[in-house]
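What follows is a short report on a single structure.
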Amino acid sequence: MSDQGPVLQSEFEAGHTPPPRISDARPPHGAPHDIFFAAVKTTRMPMTVTDPHRPDNPIIFCNEAFTFMTGYTEDEIVGSNCRFLQGPETDREVIGQVAAAIAAREEVAVEVLNYRKNGSTFWNALFVSPVFDEEGKLLYYFGSQLDISRRREAEEALHEAQKMEAVGKLTGGIAHDFNNLLQVILGYVDILEARVDDGNKGARRAVEAIATAAARGATLTQQLLAFARKQELRDRLLNFNSLVTDFRPILDRTAGDVVLRRQLEENLWNCRIDPVQAEMALLNIIGNARDALDGQGCISLRTRNVILPDGDPQAASKLDPGEYVAVTVTDDGPGMDAAVIDKVFDPFFTTKEMGKGTGLGLAMVYGFMRQSGGLATARNGDDGGAIFTLYFPRATGAVAAKPTPALPRTNDGGRERVLMVEDQADVGELGREMLRDLGYDVVLANSGRAALDLLQNDASFRLLFTDILMPGMNGVALANAVRRDYPHTAVLLTTGFADAAIDEGARSYELIRKPYRRAELNEKIRAVLDKPGART
């Protein structure tokens, strides 16, 4: 319910303590009234009656359902104005709508965030209606309420899912074309870099600037895909304490002049995550904390085991009950405004100055966590500062020992024959140029059907290097046909598109994501052709 006047700040400071009770406030006697109040008292829907003829329109009646919903006793409620249910996050515009309706003696229906006696919040579907006698005289205001917190949470989850689906379709659709453009830029940068004389410093600086800008574009694309949960995760079983320890030098450099303290739980559970994405998420959060502190202060990094729902009510509302590894980053800065906390994980939302932030860093973190089956949360600490927590589901099994570092691979190419299939002419020309520059004998085809026609006349190719997304026969179908009919030819797939169905079909083949660099392509090709048991 609401009031007819403004909410006093002192009421909030008193911890939602209601105004003094009017001791003689009781429903009037008489058969019709007695039946009405008896019926209202026994219903399971929370209901109240207020008296507009008394100062401050106090509650003169409430049923047991209302006391159960709010946590207050009847003695604490009767005689109070309904504003005692309001709190700092209650929408003042909604309260204004209720006050205006009461002043105009009209009914009103709203949804408002209210507070229980214990300080917890709930969404209240409130309906207020004036009650008139036979002569049209106003007698009471009748209010019915309903706790719709679960419905609101479901609506928010649906809205988030729809938003993610929309962003996913957008990013998945543009990623293919955008990554093809970046592939052309980065590919020719690598070729130019190998051919520019070291003495020509101006030309080398120009090439490096192009490479930096293109790499930044590739990173932004990956951040969008991460937010939309469209990037490929390469998860493995690991202990987050080991990740933090191994990553310590980079974390310290990211924190800069700010003190970075670590508090790692000794017997931390294992989790199954993509270590590269986890490192990027941690760097994003620590980088934001450093910027919030403006070079002065302390950042705390803590790992711990958490059992939900008891471990953290904020996370329990969005995660299934169970065991989780929690990674918390806390700073002692000024904290975040309430409006910022609600939007901090939204894509393109940033509080940084123009040109200093894209608004995709934390969005990427949130998308990665949800895709990993976990959650990212943000809140302010009781003593100030921002608190970001990552929740990873606990995984069973033992963490494998670290592999022995491999000997560095030379950047030499090969002499094998490669059949490259690419429907985009500029990307195909670039790929052929890169492979020839590495020493391979390359033949380029612009479609899956053209590639099969070439193989019918010349089956001596050691490698099929094909894009996945092509008109007509796609790359996976082509790879399946080559594996069946030309078993001596190895297969390497590439794509700039992110789609679960395509990725599923390509799982039995080696894959390199666009945009790839010259050295990365050569290393992948050698891994395919030189691995033990490769077809010859």
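Identification of helices (runs of 4 or more DSSP H) wholly contained in region 245-342 with 2 or more residues that are closer than 16 Å to Thr377 by Cα yields 275-293, 313-316. Remark: pairs (first residue in region 329-344, under 13 Å from Thr389 (Cβ atoms); second residue of a type in the set (Phe, Trp, Tyr) and part of a strand (DSSP E or B); Cβ separation under 6 Å; 6+ apart in sequence or on different chains) = Val329/Phe388. Here Asn284 clears all of (1) open to solvent by less than 60 Å² (accessible area, probe 1.4 Å); (2) within 29 Å of Arg150 (Cβ to Cβ) except the condition numbered (2).
Here region 142-165 is the region considered, the condition is being open to solvent by 20 Å² or more (accessible area, probe 1.4 Å) and touching a residue at least 60 places away in the same chain (Cβ under 8 Å), and the residue that is nearest to the chain's Cα centre (by Cα) is Ala157. Does Val427 qualify as being open to solvent by less than 30 Å² (accessible area, probe 1.4 Å), closer than 24 Å to Asp530 by Cα and aliphatic (A, V, I, L, M)? Taking the combined requirement at face value, the residue does not satisfy it. Looking across Leu113, Leu139, one residue alone is closer than 25 Å to Asp346 by Cα and either open to solvent by 40 Å² or more (accessible area, probe 1.4 Å) or in a strand (DSSP E or B) (or both). It is Leu113. Across region 176-197, a minimum of one residue is classified as outside any helix (DSSP H, G or I) and either modelled with pLDDT of 75 or more or out of contact with any Cys (no Cβ under 6 Å at 6 or more places or on another chain) (or both).
Looking for something open to solvent by 40 Å² or more (accessible area, probe 1.4 Å), of a type outside the set (Asp, Glu) and at pLDDT below 90 - is there at least one such residue anywhere in region 447-459? For region 447-459, residues open to solvent by 40 Å² or more (accessible area, probe 1.4 Å), of a type outside the set (Asp, Glu) and at pLDDT below 90: absent. Checking each residue of region 88-107 against the condition of being in contact with a His (Cβ under 9 Å, 6 or more places away or on another chain), surrounded by 13 or more Cβ atoms within 10 Å (Cβ to Cβ) and assigned to a helix (DSSP H, G or I) gives no match. Determine if region 467-477 includes at least one residue that is surrounded by fewer than 21 Cβ atoms within 10 Å (Cβ to Cβ), assigned to a strand (DSSP E or B), in contact with a helix residue (DSSP H, G or I) (Cβ under 8 Å, 6 or more places away or on another chain) and at pLDDT below 95. Within region 467-477 (the criterion being surrounded by fewer than 21 Cβ atoms within 10 Å (Cβ to Cβ), assigned to a strand (DSSP E or B), in contact with a helix residue (DSSP H, G or I) (Cβ under 8 Å, 6 or more places away or on another chain) and at pLDDT below 95), the answer is no, since none of the residues qualifies.
Exactly one residue out of Asp177, Asp198 is more than 30 Å from the chain's Cα centre (by Cα) and at negative phi, and it is Asp198.
The values are calculated or read from the model by the stated rules, or taken from the named source; none is laboratory data. On a predicted model such as this, the values are computed, not experimentally measured, just so you know. With ideal geometry, Cβ positions are generated from the backbone for all residues, glycine too; neighbour counts draw on all protein chains shown. Calculation scope for accessible area: heavy atoms of the full protein, side chains included, ligands and nucleic acids excluded. Shrake-Rupley method; radii C 1.70, N 1.55, O 1.52, S 1.80 Å.
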